[in-house]
Amino acid sequence: MGQAIPLSESGHNLPKFFSAPFDIQHLTIRTAVLPMYNKEIQTWTDWTTWLPAAAEAISQCISLTQHLTLSINIGLRTYSDLAEIDFSPLAILGSASLSIPHIDLYVHTGILPSALTRAELISLLEDYEDIIRSINEGVLVIHSEKRIPE
Amino acid sequence: MRVSLEILDLILGFLIPHRETLIACSKDQVLFPIVKRHLYYHVIVHFGSNNRRADTNYPFKPDRLSKLLSEDPRILNYVKILQVQFKGDPLLCMRTFKLELDKFAKTLVKFPVLECIIITSPGDSDWCFLSEAFQDALENRLSLPTVMEIHFLHFADEILPDLNCKNNLALSGYFSTPGQFRSLQQFLPLDPFYRLKPYPLHRWAKSHIKELRSLRCVAPVGGGLAELLEVCSGTLNELDIDFENASRKF
């Protein structure tokens, strides 16, 4: 598979959501990273990722909420696909954790049996010191292979 | 053993989702007066073609329901959930739908104690297919103090298809230009107020946005959300931004 196509590279930026001071008790952001199938060559070619869009939305809300829930649906076909996904937009969670007292991160891949353990997810994020710190401090709680309870 | 009317009434209330059973019970002359209240608790009106025999929800044709209500107006007081659904290509059936909707609008305003209104569009159509008379009637009923739950389902090219209750508004929408998921340029801008203006229903919706406590918005990539949030900034305490379901539209 090729490279992911982040939202920002598609030439489209998210608009400003919050033009006035706001106080939201609970902000939920649902996002996805999905494989794209090219019918012409009958193969999976790219990933479409909404992680940059989610990161942008979070960056706009950092000082406005007490509780952030981020849900990521990763459309993995095989476990090895995971290496192709760019998780760098999640770095925003590090700086967000300095202002937001509680962050829940739900990640689910749809692969059974469970493909992505909490430890594996943490290892994908280990380059981001603020994220690891916020996990250790209990601000960021990872729910691996789980969906947000409705 | 005798069962009191109150207990019987309670038991029948549990059978509301099992319409076939209620219909069977209603054939008993003794039970009928008690069953009737539950039988008409959730009424489905179906516009367009439908294989009614295969539909276990037993929907009414609008003419049939209007006739039934004129024969027994007490039924109006039993209806708490009114579901309006359509079948058929909205482009081909537009004229038929409009005529039927105009006619049914006069019946719609008669329901005095509705608690839930569900409108299911004929798939990817917009508000235009609802006649103005019907929209006016709907707006009138939406303003009833008893109405606490509203669902507008499967509306295309719209910002406000799902109003889950007066205090909770779920925003979602399809986009009129299906295409490459990657190309966000093909997403129509989400501009609530632009689309809120033209129709009476939207006037109603806008006035209730001020009372929102929770908001779910699918793919707010085109703008307009800021204005929406500003209107309800005093009450909103839960915001759900959904990029995941936007991607599933394609």
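Which one is farthest from the other protein chains (Cβ to nearest Cβ), of the residues in region A:91-103 that are of a type outside the set (A, V, I, L, M, F, W, C) and free of Cβ contacts under 8 Å to residues at least 40 places away in the same chain?
Filtering first and then ranking leaves A:Ser95.
Output the residues belonging to region B:39-68 that are over 19 Å from B:Asp102 (Cβ atoms), at pLDDT 90 or above and touching an Asp or Glu at 6+ places or on another chain (Cβ under 9 Å).
Hit for region B:39-68 is B:Ile44, nothing else.
Take region A:137-150 and flag every residue that is of a type in the set (Asp, Glu), modelled with pLDDT of 85 or more and on the phi > 0 side of the Ramachandran plot.
Selection gives nothing.
Conditions (1) under 12 Å from the mean Cα position of the chain (by Cα); (2) crowded, with 22+ Cβ neighbours inside 10 Å; (3) touching a residue at least 40 places away in the same chain (Cβ under 8 Å), marked per residue:
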{"position": "A:Thr48", "(1), (2), (3)": "no, no, yes"}
{"position": "A:Ser63", "(1), (2), (3)": "no, no, no"}
{"position": "A:Ile72", "(1), (2), (3)": "yes, yes, yes"}
{"position": "A:Glu84", "(1), (2), (3)": "no, no, yes"}
{"position": "A:Ile111", "(1), (2), (3)": "no, no, no"}
{"position": "A:Glu120", "(1), (2), (3)": "no, no, no"}
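Taking the residues in region A:8-53 that are assigned to a helix (DSSP H, G or I) and within 7 Å of another protein chain (Cβ to nearest Cβ) as candidates, determine which candidate is modelled with the lowest pLDDT. Write out each step before concluding.
Quick first cut of region A:8-53, residues assigned to a helix (DSSP H, G or I) only: A:8-10, A:51-53.
Restricting the remaining residues to those that are within 7 Å of another protein chain (Cβ to nearest Cβ) gives A:10, A:53.
Details: A:Ser10: 38, A:Ala53: 85.
The selected residue is A:Ser10.
Quick one: A:Met1 ticks every box in (1) in contact with a Pro (Cβ under 8 Å, 6 or more places away or on another chain); (2) part of a loop (DSSP other than H, G, I, E, B); (3) modelled with pLDDT of 75 or more except a single one, so which number is it?
(3)
Identify, please: which residue in region A:56-65 is within 11 Å of another protein chain (Cβ to nearest Cβ) and part of a helix (DSSP H, G or I) and is, among those, nearest to A:Phe22 (Cα to Cα)?
A:Cys61
Let's see how each residue does on (1) within 14 Å of chain B (Cβ to nearest Cβ); (2) modelled with pLDDT of 85 or more; (3) outside any helix (DSSP H, G or I):
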| position | (1), (2), (3) |
| --- | --- |
| A:His67 | yes, yes, yes |
| A:Asn73 | yes, yes, yes |
| A:Arg77 | no, no, yes |
| A:Pro89 | yes, yes, no |
| A:Leu112 | no, no, yes |
| A:Leu116 | no, no, yes |
| A:Glu120 | no, no, no |
| A:Asp127 | no, yes, yes |
| A:Ile135 | no, yes, no |
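In region A:61-87, how many are closer than 30 Å to B:Gly234 by Cα and touching a Leu at 6+ places or on another chain (Cβ under 6 Å)? Break it down stepwise before answering.
First, pick out the residues of region A:61-87 that are closer than 30 Å to B:Gly234 by Cα: A:61-72.
Checking the rest, the ones that are also touching a Leu at 6+ places or on another chain (Cβ under 6 Å) come to A:61, A:65, A:68, A:70.
The number of residues fulfilling the criteria is 4.
Among all residue pairs at least 6 apart or on different chains, which show Cβ distances below 7 Å where the first residue, located in region B:22-45, is touching a residue at least 12 places away in the same chain (Cβ under 8 Å) and the second is acidic (Asp, Glu)?
B:Ile34/B:Asp9
The values are calculated or read from the model by the stated rules, or taken from the named source; none is laboratory data. Note that the structure is predicted; figures quoted are calculated from it, not measured. Here the Cβ is made from the backbone with ideal geometry for all residues, glycine too, and neighbour counts use every protein chain on show.
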